[in-house]
Amino acid sequence: MKFNLADNAVTRALSKICDMMCLNVVWIVCCLPIVTIGASTTALYSVMLKMVKNEEGYIFRSFFKAFKENFRQSTILWILFAVLGIIWRIDYSVTGTFPGQLGFIFRAVFMLLGFILLSLVIYSFPLTARYVNPIRATLKNALILTVAKLPYTFVMVVVTAGSVLASLWNTTTLMFAIPMWLVFGGALVAWINSWILRRVFSVFEGTEGGKETE
């Protein structure tokens with residue numbers, strides 16, 4: 001009986017893990033200029049959305065191709081979200097000075113707005129990676145998906161925000177989390193979200209094709 005190492009499940013799993021670790025390092029390096037975080041994240045999702053369907057091919061070539069092709073739109077989205085995030089953080093801090101029930105109501109409203117903003121961030125970069133659309137259409141689709149696929153949205157928000165908050169919980173968790181984020185953290189979050197997005201994007205896709213115009 002012949003044994004093909006390439007077809008061994010353990011070997012394939014180890015290969016995927018190695019690819020994810022390499023992608024995570026490339027993603028972090030490309031995020032370092034800060035302004036390129038959007039383009040780097042879009043490129044990461046471009047590969048991950050293919051990886052969950054076993055269509056990734058040459059991961060580095062695919063990453064840098066997506067980085068270059070989506071740089072302008074992803075950067076604009078990133079700057080927009082960064083500005084909105086700063087405004088949200090300042091306004092939420094201000095609500096903490098409001099007394100009693102008024103403060104509770106305003107904090108609840110801003111928590112909802114924060115959930116929507118984070119959802120738009122989570123959807124927008126994968127949408128940019130997967131489809132050719134102007135920014136306005138991407139944001140519109142992200143908002144539609146946030147509401148239409150609310151259970152999936154909630155899970156991805158928990159995965160994304162939960163992993164960050166758990167890492168920042170205290171000094172001990174931070175010291176434990178830093179090496180994990182450097183090795184595979186960002187890629188793992190993107191991989192989990194990509195499994196969910198594979199089902200979410202079925203509302204747009206009649207086929208399992210590549211990048212499409214919608």
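Each value in this text was obtained by applying a stated rule to the coordinates, not by laboratory testing. All values derive from a computational prediction rather than experimental measurement. Neighbour counts are summed over all protein chains in view; Cβ atoms, including those assigned to glycine, are modelled from backbone coordinates with ideal geometry.
Structure data summary
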item: Any helices (runs of 4 or more DSSP H) falling wholly within the stretch 112-204 and containing at least 3 residues that are surrounded by 14 or more Cβ atoms within 10 Å (Cβ to Cβ) and either of a type in the set (Gly, Ala, Ser) or within 17 Å of the chain's Cα centre (by Cα) (or both); result: 135-148, 150-167, 186-200
item: Matching option when the condition is free of Cβ contacts under 8 Å to residues at least 40 places away in the same chain and over 23 Å from Asn193 (Cβ atoms), among Val159, Val109; result: Val109
